[in-house]
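Everything below concerns the one structure shown next.
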Amino acid sequence: MGSELSGLQIFKYLPAAKKLPDANCKKCGCPTCMAFALKLAKKQIEIEKCALAPEELKEIVHEAVKIKQHEYTIGIEHPVKTGGETVMFRHDKTFVNRTVFAVTLESSDENFDKKLERIKNFQIERIGETFKVDAIHLKDTGNFLSSAAKVKKSGFPVIAESDDTEALISLKAENPLIITKNSDSFKENLVAVSAEDIDSLETASKEKLKNGYKKIVLNLPLKKIRETVEELTYIRRMAVLEKFEPMTFPVMVKIPHEKNIAKTAAAASLLICRYANIIIFEDFDEAMMAALFTLRQNIFTNPQKPLQVESKVYEFNEPDENSPVILTTNFALTYFAVANELESLPFGSYLVVTPSDGMSVLTAWSADKFTADIAAKTVKKFNLAEKVKRKAIIIPGLLSHMKDELENALEGWEIIVGTIEACEIPDFIKSLDYTKA
Ligand code: SF4
């Protein structure tokens, strides 16, 4: 039985389902056994409230509530979440929290300020999302307190590595992830458990649990990448399939300095896919980060929810009453492909995006998510008639068969069948000579 129990699955173990004499006795505080089952499924009542619940059900319920992988937050001002994964493969459900990217800064580095500024200033936009480095891994090489204050001021979550207990205590309020040999002062904080191999890591994790540590991140050393990926896979399997407690924690891997940045990028790519929750980079390179952010975004999108943009009118290059109107669906990749071309035009344009549940043009049409009625409602809702003199709408070439239907639904508007490929849009629109409209 899966980890999420339904009310019906629970009910079949209860006295009412088995038609026993004490069925619906109300002793649990619920009017019926079914009501109890539904509450139990929502975790609103404890199994112990029903004295008649069989041992078999108790075992199933206790197994179901066990955590697969703990989820933690690092930082305060711009907090980042890690862990909380429940599946081995993205297509089983979805991955939950993106791999955290942290960059190492040595506290005594004479270029500390410059490096911190460079990391802070780096950001990229991909499909409507802005990405920045998630955290700073501050390594104590001297001058720790002063450097810690700078990281604190920057707002980055901090992964603090030091054996100076006093220095680490000064960072406690920042909700850091702590890497230290003297972890006993930080039992209430999020601490890394480090070991050289997976067996020792398991032993160390068990030891920490026995000693009352509350929040743990497993710190796995990077060996040969194949070996590390195998170890990460083992840990993820033990967590989400076996719910083996010592392995139910997020895993962190540090990629040491490499002369060839392509090697770092290749290792990080594998670690994002299989199954590092946190990657610490000793090398910081904007081009590499941009590629890795893009990969990470792809891996961590929910396969059940297509990427979509808001349904509205997007304006490019300050359009006016002589500008063309283009219509498409709200699938993010379609939007960005079209938007990119409209941005390149030497004049303004309006892009009307219909609400199509994030489906591409033909998929939306075949699923009745792009109909003449929806298109007409969208054009009216956003008052396009008041924005332009020439009442013409350019529709995707793939929807040429909808021309008559759309003209009937959008009375007074001319429907122009556009191009199939987004890259052909600029030449096509130029050929319509809107400047003389
Ligand atoms: Fe049913 Fe148990 Fe509640 Fe009685 S105590 S109503 S048997 S669930």
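Would you mind stating whether Ala16 is closer than 23 Å to Lys243 by Cβ, at pLDDT 95 or above and within 9 Å of the ligand (Cβ to nearest atom)? It is false that Ala16 is closer than 23 Å to Lys243 by Cβ, at pLDDT 95 or above and within 9 Å of the ligand (Cβ to nearest atom). Residues of the range 300-311 that are at pLDDT 90 or above and exposed (fewer than 15 other Cβ atoms within 10 Å of the Cβ): Glu310 alone. Please go through the range 117-128 and give me each residue that is closer than 17 Å to Ala149 by Cβ and touching a residue at least 40 places away in the same chain (Cβ under 8 Å), ordered by number. Once the filter is applied, which keeps residues that are closer than 17 Å to Ala149 by Cβ and touching a residue at least 40 places away in the same chain (Cβ under 8 Å), the range 117-128 yields only Ile119.
Would it be correct to say that Arg98 is basic (Lys, Arg) and not in a loop (DSSP other than H, G, I, E, B)? Taking the combined requirement at face value, the residue does not satisfy it. The lone criterion from (1) over 16 Å from Tyr275 (Cα atoms); (2) touching a helix residue (DSSP H, G or I) at 6+ places or on another chain (Cβ under 8 Å); (3) at pLDDT 95 or above; (4) surrounded by fewer than 20 Cβ atoms within 10 Å (Cβ to Cβ) left unmet by Tyr234 is number (1). Can you pull out every residue in the range 24-72 that is acidic (Asp, Glu) and within 13 Å of the ligand (Cβ to nearest atom)? Once the filter is applied, which keeps residues that are acidic (Asp, Glu) and within 13 Å of the ligand (Cβ to nearest atom), the range 24-72 yields Glu46, Glu48. Would you say Glu161 is surrounded by 19 or more Cβ atoms within 10 Å (Cβ to Cβ) and at pLDDT 95 or above? When the stated conditions are applied, Glu161 passes them.
Among the residues of the range 203-224, those identified as assigned to a helix (DSSP H, G or I) and more than 13 Å from Pro250 (Cα to Cα) are Thr203, Ala204, Lys206, Glu207, Lys208, Leu209, Lys210. The combined condition, being surrounded by 15 or more Cβ atoms within 10 Å (Cβ to Cβ), in the same structural domain as Glu161 (by TED's automatic domain parsing), touching a strand residue (DSSP E or B) at 6+ places or on another chain (Cβ under 7 Å) and free of Cβ contacts under 8 Å to residues at least 40 places away in the same chain, is not fulfilled by Thr228. Within the range 89-122, the set of residues being under 28 Å from Met247 (Cα atoms) and surrounded by 15 or more Cβ atoms within 10 Å (Cβ to Cβ) comprises Arg90, Thr94, Phe95, Val96, Asn97, Arg98, Thr99, Val100, Phe101, Ala102, Val103, Thr104. The residues of the range 364-380 that are buried (at least 17 other Cβ atoms within 10 Å of the Cβ) and of a type in the set (S, T, N, Q), listed by number, are Thr371, Thr378.
Here Leu177 fulfils each of the conditions (1) within 24 Å of the chain's Cα centre (by Cα); (2) exposed (fewer than 13 other Cβ atoms within 10 Å of the Cβ) apart from (2). Taken residue by residue, the range 250-263 has at least one member that is surrounded by 14 or more Cβ atoms within 10 Å (Cβ to Cβ) and within 17 Å of Met88 (Cβ to Cβ). Filtering the range 381-413 to residues that are acidic (Asp, Glu), without any contact (Cβ under 8 Å) to a residue 24 or more places away in the chain and surrounded by 13 or more Cβ atoms within 10 Å (Cβ to Cβ) leaves only Glu407.
For the range 180-195, residues that are part of a loop (DSSP other than H, G, I, E, B) and under 30 Å from the mean Cα position of the chain (by Cα) total 5.
His78 passes every criterion in (1) more than 16 Å from the ligand (Cβ to nearest atom); (2) surrounded by fewer than 18 Cβ atoms within 10 Å (Cβ to Cβ); (3) within 30 Å of Pro246 (Cβ to Cβ) apart from (3). The C-beta contact set for the range 23-52 (first residue under 14 Å from Ile10 (Cα atoms), second residue more than 7 Å from the ligand (Cβ to nearest atom) and of a type in the set (A, V, I, L, M), distance under 6 angstrom, 6+ apart or interchain) comprises Ala37/Ile10; Lys39/Ile45; Leu40/Ile10; Ala41/Leu5; Ala41/Ile10; Ile47/Val61.
The values are calculated or read from the model by the stated rules, or taken from the named source; none is laboratory data. Keep in mind that what you see is a predicted model, and the values were worked out from it rather than measured. Cβ atoms come from the backbone with ideal geometry, glycine included; neighbour counts cover every protein chain shown.
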